[in-house]
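Working notes, structure below.
The numbers here are math on the coordinates, done by the rules we state, and not lab data. Because the structure is predicted, anything quoted here is derived from the model rather than measured. Neighbour counts are summed over all protein chains in view; Cβ atoms, including those assigned to glycine, are modelled from backbone coordinates with ideal geometry.
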C-alpha cells in the first residue's frame, strides 16, 4: 500500500478510508499484512480524488457515480446516461410560486432551444432550484441572459459529445463523461470569473 500511495499521490490513511467506503476495491491478499495492487487501483484512486477534491462530490455521491459508471450492462448509452445523471446533486427545495414558475421557465428554455431532454434528467430540477432561488432573492434580472447561457452550453456540448462518441468502449465513455462534467463545471466557473474581471476592468469605448 505504501507503493500504491507513492504512485497515486494519495496518503495511505486516505486509501484505507476509500476502501472502507467502497470507493476503491481491495487488493489481492498475498499474506496477512500484504496485498498486491494493479495499475487499475492507481487510476481508480486518481479518479476518486478528482471527483471529491476537484469535482466537489461527497463520499456518498462519489460512490453513487462510480456505481452508475459500471451499470451499463453492455449498453453504452445507458452507462453514459446513468453516469451523467449521477453527477447532478439534488437538494431539498420548497415548492412555492417561485419554484413552479421556475419549472415552467426551464421547460420553455428547453423547448425554445430544441433540446431533447428526458423528463427525469435531474438537471431540470437543479436548474429550476437555482432560478427559484434567484427569484426569491429579487435577482430575476439574471433571467435575461439565460439564452446566452443556453447558447454557450449548446456549442460546448456539441464538441464534448463528439469527442466522447469517438471513444472505444462504454466504460471509457462513462468515465470520461463523469470527469468532463464535474471538472468541466470547475473549468467554466473559473473561466467565467476570469472573463468577468477582464470585462469589468476593460476601458469602455467613448
message = Running a GNM on the chain with Cα contacts under 10 Å, which residue among 115, 99, 180 ends up with the highest mean-square fluctuation?
response = 115
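Using r as the Cβ-Cβ distance of residue 36 and residue 67, and R0 as 35 Å, what FRET efficiency do you calculate, to the nearest 0.05? Kindly include the intermediate steps, with their values, before the conclusion.
Details: r = 24 Å, r/R0 = 0.70.
So the FRET efficiency works out to roughly 0.90.
Just rank 47, 156, fewest to most, by other beta-carbon atoms within 10 angstrom. Don't jump to the answer; show the numbers that get you there.
On the way: 47 20, 156 13.
Lowest to highest Cβ neighbour count: 156, 47.
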key: Estimated distance in nm for a label pair at residue 6 and residue 152, the labels positioned 7 Å out from Cα along Cα-to-Cβ   = 4.5 nm
message = What Kirkwood Rh does the chain have if only Cα atoms enter the pairwise 1/r average? Answer in Å.
response = 19.7 Å
task = Could you tell me how many degrees, from 0 to 90 and to the nearest 10, lie between the Cα long axis of helix 146-165 and the main elongation axis, the longest principal axis, of the Cα atoms of the chain?
result = 30 degrees
ask   = Taking the Cβ-Cβ separation of residue 59 and residue 201 as r and a Förster radius of 30 Å, what is the calculated FRET efficiency to the nearest 0.05?
value = 0.15
request  = Calculate how steeply helix 97-112 sits against the longest principal axis of the alpha-carbon atoms of the chain, using the helix alpha-carbon long axis, and give the answer as 0 to 90 degrees to the nearest 10.
outcome  = 90 degrees
inquiry  = Can you order the peptides 61-67, 147-153, 131-137 by their average number of other Cβ atoms within 10 Å per residue, highest first?
reply    = 61-67, 131-137, 147-153
message = Using Cβ contacts closer than 10 Å as the measure, can you line up 8, 58, 86 from fewest to most?
response = 58, 8, 86
note = Rounded to one decimal in Å, the inverse mean reciprocal Cα-Cα distance for segment 1-57, i.e. its Kirkwood radius, is 11.5 Å
remark   = Listed with the fewest Cβ neighbours within 10 Å leading, 129, 112, 185 appear as 112, 185, 129
request  = Describe numerically, in nm with one decimal, the distance between label points set 7 Å from Cα along Cα→Cβ at residue 176 and at residue 91.
outcome  = 3.3 nm
query = Cα axis of helix 76-86 to longest principal axis of the chain: angle in degrees, 0 to 90, nearest 10?
reply = 70 degrees
ask   = Which whole-number percentage describes the relative contact order of segment 78-206, with Cα contacts under 8 Å and a sequence gap of 6 or more?
value = 36 percent
